[in-house]
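For reference, the structure discussed in these notes is given below.
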Amino acid sequence: MIFYIIIIFVFYVLYRIVLKPLIPLLILKLQFGKEAYLWYAPIWGLLKYNFRSLKQNGDFFDDLRKRMRENPQVKILLTNFLDTPFINFVDSEYIKKMYLEYQNFPKFNLLRYDNLIDKGLLMTEGEEWRFQRTLLGLAFTFEKLKSRIPMINQTVKERCILDPKTNSFDFISWITGEVVIHSFFGEIAKGLTINGKPGQVEIVKLVADIMLQRFKNAYTQIKLMILGNKGWRILATKKEKDINNRVDTLRNTVKQLIETRIQQLKGETEARKEKDKDQCFLDIYLCELLKQQNEGSKKNIDFEPVLQQFLTLFFAGTDTTATMTVTCLVYLAKYPDVQNELLEEIKDLMQDSDVQDTHLPKLVKMNAFINEVFRLRNPAFSPFVRLVQQDMQFLDIKLKKGWMVVQRHDIPVIRNEHFSNPEVFDYKRWLTGQGAIQSDNGFVHIPFGAGGRNCIGQHMAQMELKIILCHIIRKFQVSLNPDVQLKFGIRFLYGAEPDNCLIYKTRR
């Protein structure tokens, strides 16, 4: 009897892990022929080949990019995630269709961790997302954001002096995190520490640790596949327990800050509240919460979404901007002539003064440089993975309920169809404007996404990035560390490693 049970269990596992995702992928491959590329691996799927590429080539996506360049006719990449077919759209027409019909594909939380970002702007859908986007939308216009430029200048200058700059990611994420803390919480979060580390450093490291544990540990992978998000706290390993404890401490710390601010707002006048809302994103939420409570209206907002919105904006605002800044610094180190050209532009425009809002659109070469780095090394190489809600016809492919889909931003931009010499770093291609892109349907080069769910923080990210680069380029000569091997790996985002890959030499 036990023998038969074991046989049945083995066949079930074989079906669940191998046959369930592989059979539909093989059918699609037969249907699409050379327009589909099959890259399957039990459980790990594409991740297996990405981590192999990092180990062998020093770049998480090097192998994938080579295969996509060698097969320019490929429109869809067929792989799996655990036991689920995972369709990667690499053609700009499929990408466009996905962005225009995003309502049909709810997001899949790759962290698989509850009570972190699932109720924030990144993950919510439908009416809740529209409410949050409308509430925050005006605060993220450039006209509103430019009032933060003096604070960003001051933060960068102070950190350039105080930081030892032996760890580039910590150096830059401290700056971007401090800007987010100040923007979201205002003065009440000054000097925020979490788990014994600066708040901005701990949150980024925590999310990275969750992602690496989730994707590199087979036990965690399988447990989450069977038990769902609750698997983090069931039969937890030492590493999982450490992550759980850090999450609990993070949530409790942020909760206390929010409760403190609620009490402060209750004692402020309406005029004062309106003034504070321009300086503090948290107040936008809390003023709306207090208003609804006073009016006795049905609440569209409560405490938990406020907490998770901070975690969402903090992570998105800290990690993405920091990763992109470090990537830009790596390219400046690799191309010292370009670094000198940007230095000359900065000095001609502002000499030794702080960056002003009027300077930003005049940084023509820097804008082109950033655009080219985004093209080749966008930290957000794709938007969030989405789920197919129901069986549907999507252009010429039949998608099944429960499948996973994603748009790959990083593939159209490296194809000859859209760029001349796409493998070559040449920032000057952008000095002629969008004419650099060939056969553009508007969705070839979209570093901040497109359509209704584009990145709400793109103006702030670009503003921060340019200000940070201006100060660092003017103060330091940046070069590659000859004692380490530069790689491009993955935390939550795609970026340069190790963290000591750069050297900063003060200019005379």
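Among the residues of region 385-394 satisfying the criterion of being surrounded by 13 or more Cβ atoms within 10 Å (Cβ to Cβ), touching a helix residue (DSSP H, G or I) at 6+ places or on another chain (Cβ under 9 Å) and not charged (D, E, K, R), which is farthest from Asp59 (Cα to Cα)?
So the first thing to find is which residues in region 385-394 are surrounded by 13 or more Cβ atoms within 10 Å (Cβ to Cβ), and the list is 385-389, 392, 394.
Subset that is touching a helix residue (DSSP H, G or I) at 6+ places or on another chain (Cβ under 9 Å): 386, 388-389, 392, 394.
Checking the rest, the ones that are also not charged (D, E, K, R) come to 388-389, 392, 394.
On the way: Val388: 30, Gln389: 34, Met392: 36, Phe394: 32 Å.
Across region 385-394, the extreme among qualifying residues is Met392.
Looking at region 409-439 only, could you name the residues that are free of Cβ contacts under 8 Å to residues at least 40 places away in the same chain and not in a loop (DSSP other than H, G, I, E, B)?
Result: Val413, Thr432, Gly433, Gln434, Gly435, Ala436.
Hey, any hits in region 210-221 for a residue that's of a type in the set (A, V, I, L, M), loosely packed, with under 13 Cβ neighbours inside 10 Å and in a helix (DSSP H, G or I)?
The first filter runs over region 210-221 and keeps only residues of a type in the set (A, V, I, L, M), leaving 210-212, 218.
Filter again for loosely packed, with under 13 Cβ neighbours inside 10 Å, leaving 218.
Within this subset, residues satisfying the condition of being in a helix (DSSP H, G or I) are 218.
The answer is yes; a qualifying residue exists.
Quick check on my filter: what residues within region 65-97 are in a helix (DSSP H, G or I) and among the basic types (Lys, Arg)? First the steps, then the outcome.
Of all residues in region 65-97, those in a helix (DSSP H, G or I) come to 65-70, 92-97.
Once the filter is applied, which keeps residues that are in a helix (DSSP H, G or I) and among the basic types (Lys, Arg), region 65-97 yields Arg65, Lys66, Arg67, Arg69, Lys96, Lys97.
So which helices (runs of 4 or more DSSP H) are wholly in region 1-64 and hold at least 2 residues that are closer than 21 Å to Met404 by Cβ and in contact with a helix residue (DSSP H, G or I) (Cβ under 7 Å, 6 or more places away or on another chain)?
Those helices (runs of 4 or more DSSP H) span 46-57.
Taking Ile472, is it buried (at least 20 other Cβ atoms within 10 Å of the Cβ) and either among the small types (Gly, Ala, Ser) or assigned to a helix (DSSP H, G or I) (or both)? Let's see the steps before the verdict.
On the way: buried (at least 20 other Cβ atoms within 10 Å of the Cβ): yes; either among the small types (Gly, Ala, Ser) or assigned to a helix (DSSP H, G or I) (or both): yes.
Considered against the rule, which asks whether it is buried (at least 20 other Cβ atoms within 10 Å of the Cβ) and either among the small types (Gly, Ala, Ser) or assigned to a helix (DSSP H, G or I) (or both), Ile472 comes out as yes.
Is it fair to say Glu158 is closer than 30 Å to Gly191 by Cα, free of Cβ contacts under 8 Å to residues at least 24 places away in the same chain and out of contact with any Lys or Arg (no Cβ under 9 Å at 6 or more places or on another chain)? Talk me through it step by step, then tell me what you get.
Working: closer than 30 Å to Gly191 by Cα: yes; free of Cβ contacts under 8 Å to residues at least 24 places away in the same chain: yes; out of contact with any Lys or Arg (no Cβ under 9 Å at 6 or more places or on another chain): yes.
Criteria met by Glu158.
Among (1) assigned to a helix (DSSP H, G or I); (2) touching a Lys or Arg at 6+ places or on another chain (Cβ under 8 Å); (3) surrounded by fewer than 20 Cβ atoms within 10 Å (Cβ to Cβ), there is one condition Val179 misses while meeting the rest; what is its number?
Checking Val179 against (1) assigned to a helix (DSSP H, G or I); (2) touching a Lys or Arg at 6+ places or on another chain (Cβ under 8 Å); (3) surrounded by fewer than 20 Cβ atoms within 10 Å (Cβ to Cβ), the one that fails is (3).
Which of (1) modelled with pLDDT of 80 or more; (2) within 31 Å of the chain's Cα centre (by Cα); (3) not acidic (Asp, Glu) is the odd one out, the single condition Leu289 does not satisfy?
Here Leu289 clears every test but (1).
Could you check Ala333 against (1) surrounded by fewer than 16 Cβ atoms within 10 Å (Cβ to Cβ); (2) under 22 Å from Asp426 (Cβ atoms) and say which number it fails?
(1)
The values are calculated or read from the model by the stated rules, or taken from the named source; none is laboratory data. All values derive from a computational prediction rather than experimental measurement. Virtual Cβ from ideal backbone geometry, glycine too; neighbours counted across all protein chains shown.
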